[in-house]
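These notes are about the structure you will find just below.
The values are calculated or read from the model by the stated rules, or taken from the named source; none is laboratory data. Because the structure is predicted, anything quoted here is derived from the model rather than measured. Backbone-built Cβ (ideal geometry, glycine too); neighbour counts: all protein chains shown. Quick note on the areas: whole protein, heavy atoms, side chains included, nothing else; ligands and nucleic acids left out. Shrake-Rupley method; radii C 1.70, N 1.55, O 1.52, S 1.80 Å.
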Amino acid sequence: MITCGIVGVTGYAGMELLKLIGKHPEFTLVRAMSDSSTGLTLAQLYPWLEIEDLTLEPFRVDALDDIDVIFLATPSGVSAHYVTQLTEYEGVVIDLSGDLRLPASSYETWYGKPAVPASLQAQAVYGLTEWNRDAVRSANWIANPGCYATAVALGLLPFVNGGWIDPNEIIVSACSGITGAGKGLSAKTHHARSNENVQLYKIHTHQHIPEIEQTLYAVSGTQATVSLSTHLLPINRGIMATMSVVPTLEQSEADWVDALRQAYADEPFIRVQQGEPEIRTAVGSNYCDLWVYLDQRTNRLTIISVIDNMQKGAAGQAIQNANVRFGLNETAGLNEQPQYI
Ligand SMILES: NC(=O)C1=CN([C@@H]2O[C@H](COP(=O)(O)OP(=O)(O)OC[C@H]3O[C@@H](n4cnc5c(N)ncnc54)[C@H](OP(=O)(O)O)[C@@H]3O)[C@@H](O)[C@H]2O)C=CC1
Ligand SMILES: CC(=O)N[C@@H](CCC(=O)OP(=O)(O)O)C(=O)O
């Protein structure tokens with residue numbers, strides 16, 4: 001068995017990790033770490049979950065020797081605090097926050113917080129599994145991608161990488177369920193305001209913009225610019241990203257669908273769909289569902305990507321990366337079907 005520890009176990013992503021590890025055939029949870037709730041047991045905290053009944057402990061760097069992989073399910077800035085204490089740790093660290101994803105100057109501009117030391121960030125491999133699998137296989141530090149960044153990059157990468165679209169004409173409108181904001185309450189996520197409402201936020205300033213552009217460049221060598229608008233939806237889970245791009249090839253919509261299918265033919269979690277896009281085809285699962293439409297009148301392509309923000313957008317992809325890193329079947333523990341209804 002591969003032994004796991006979670007830091008930030010009382011948060012939404014921590015809870016999702018617990019669920020996934022609890023039914024994983026090869027992973028076992030040995031340490032549940034928490035800043036706010038030490039002394040509670042997992043059974044007290046999550047009585048509905050089938051998982052080892054551990055007592056929540058504080059993070060202690062001298063008590064990690066028996067752990068093969070540590071998941072940091074903590075906010076950006078807080079992960080940085082743990083990361084700097086893990087430099088001597090010999091296991092695998094998978095950070096779900098943005099703290100290891102961007103170089104310091106970009107991180108400080110977009111997150112508005114001090115970055116981790118550049119030498120630490122440089123050790124981390126970006127864990128968009130489908131496009132960086134070989135690097136993940138041997139990585140000890142993995143920067144798990146952001147939720148919007150995952151949905152958008154998975155939709156755009158075949159097109160940017162193939163040189164099929166103008167990299168300076170990418171306009172993305174994306175919306176997320178409220179769990180994407182974490183469990184903390186804010187004026188925007190308060191029920192009275194978020195329920196029966198759609199709110200635009202962080203327009204053109206979202207911290208996943210540089211992450212998406214960096215990923216497009218890392219995979220394709222193409223410097224793309226992405227205009228991203230993000231919206232908060234009154235649903236618990238799910239992200240839908242609608243991407244409007246200008247093709248550089250003339251071909252039919254059926255050919256575009258085929259091209260996308262071929263790009264992801266061997267990927268267990270990427271499904272190219274036809275018919276009407278909806279968020280619920282992915283929610284509850286680790287799938288990313290993609291659609292592509294040709295608007296012949298305006299000569300633009302519309303690419304749609306949907307994921308569950310807590311699964312493929314966070315904990316699911318973290319488990320997928322851990323599976324790859326430990327040489328397991330990539331789908332181990334991730335065989336949940338979408339809830340749909
Ligand atoms: N929710 C989502 O859909 C996604 C989340 N992520 C990333 O995953 C990480 C965890 O997200 P999520 O679970 O949603 O966040 P939550 O706010 O729900 O939980 C974060 C947890 O981190 C711990 N923590 C430690 N110090 C602090 C602090 N100063 N302020 C707040 N929390 C603290 C707490 O757990 P404890 O007290 O037990 O230590 C807390 O429950 C974040 O970096 C987020 O950006 C990424 C993609 C999607
Ligand atoms: C709905 C909602 O608020 N979503 C969050 C996603 C948080 C996230 O993924 O932040 P990191 O970059 O730290 O990983 C947001 O838009 O900021």
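Put the Cα centre of the range 48-116 next to the Cα centre of the range 201-259 and the gap is 27 Å. Among the helices of the chain, none built from whole DSSP H runs has Cα atoms reaching 27 Å or more along its own axis together with a mean Kyte-Doolittle hydropathy of at least -1.0.
Report the full-extension gain for the segment Glu52 to Gln274: residue separation times 0.36 nm, less the Cα-Cα distance, to one decimal in nm. The partial results should precede the final answer.
On the way: separation 222, 0.36 × 222 = 79.92 nm, distance 4.11 nm.
So the extension gain works out to 75.8 nm.
Using a/c under 1.5 as the rounded threshold, could you call the range 134-238 rounded, prolate or oblate? The axes a ≥ b ≥ c are square roots of the C-alpha gyration tensor eigenvalues, and prolate needs a/b larger than b/c, oblate otherwise. It comes out oblate by the Cα gyration axes.
Could you give the size of the charge dipole of the range 148-308 about its Cα centre, using +1 on the Cβ of each K and R and -1 on the Cβ of each D and E, expressed in debye and rounded to the nearest 20? Working shown, then result.
Values: 10 positive and 16 negative charges, 154 e Å.
The calculation lands at about 740 debye.
A Stokes-Einstein calculation at 4 °C with viscosity 1.567 mPa s, built on the Kirkwood radius of the range 148-308 over Cα pairs, returns a diffusion coefficient of 80 µm²/s.
Neighbours of His81, meaning other residues whose beta-carbon lies under 12 angstrom from its beta-carbon, give a summed charge of -2 when Lys and Arg score +1 and Asp and Glu score -1. Solvent-accessible surface of the chain, averaged per residue with a 1.4 angstrom probe and all protein chains in place: 42 square angstrom. Can you give the FRET efficiency to the nearest 0.05 for Asn329 and Leu249, using r as the Cβ-Cβ distance and R₀ = 35 Å? After rounding to 0.05, the efficiency reads 0.45. Using the Stokes-Einstein relation with a Kirkwood hydrodynamic radius computed over Cα pairs, the translational diffusion coefficient of the range 2-123 at 37 °C and a viscosity of 0.692 mPa s comes to 221 µm²/s. In order along the range 37-54, the phi-based Karplus estimate (6.51 cos²θ - 1.76 cosθ + 1.60, θ = phi - 60°) of 3J(HN,Hα) comes to 10, 4, x, 6, 9, 4, 5, 6, 6, 10, x, 8, 9, 8, 7, 3, 8, 8 Hz; Gly and Pro are listed as x.
Under unit Cβ charges (Lys, Arg +1; Asp, Glu -1), what dipole magnitude, rounded to 20 debye, does the chain have relative to its Cα centre? Display every interim value, and only then the final one.
Values: 20 positive and 36 negative charges, 157 e Å.
Roughly 760 debye for the chain.
Ignoring ligands, DNA and RNA, what percent of the accessible area of the chain is carbon or sulfur (1.4 Å)? Write out the running numbers ahead of the final one.
Details: 6990 of 14360 Å².
Carbon and sulfur: 49 percent of the exposed surface of the chain.
Restricting the GluC sites (Glu not before Pro) of the range 204-264 to loop positions (DSSP other than H, G, I, E, B) with no more than 13 neighbouring Cβ atoms within 10 Å leaves Glu250. The smallest convex shape that holds all Cα atoms of the range 230-341, its convex hull, gives 126 Å³ per residue.
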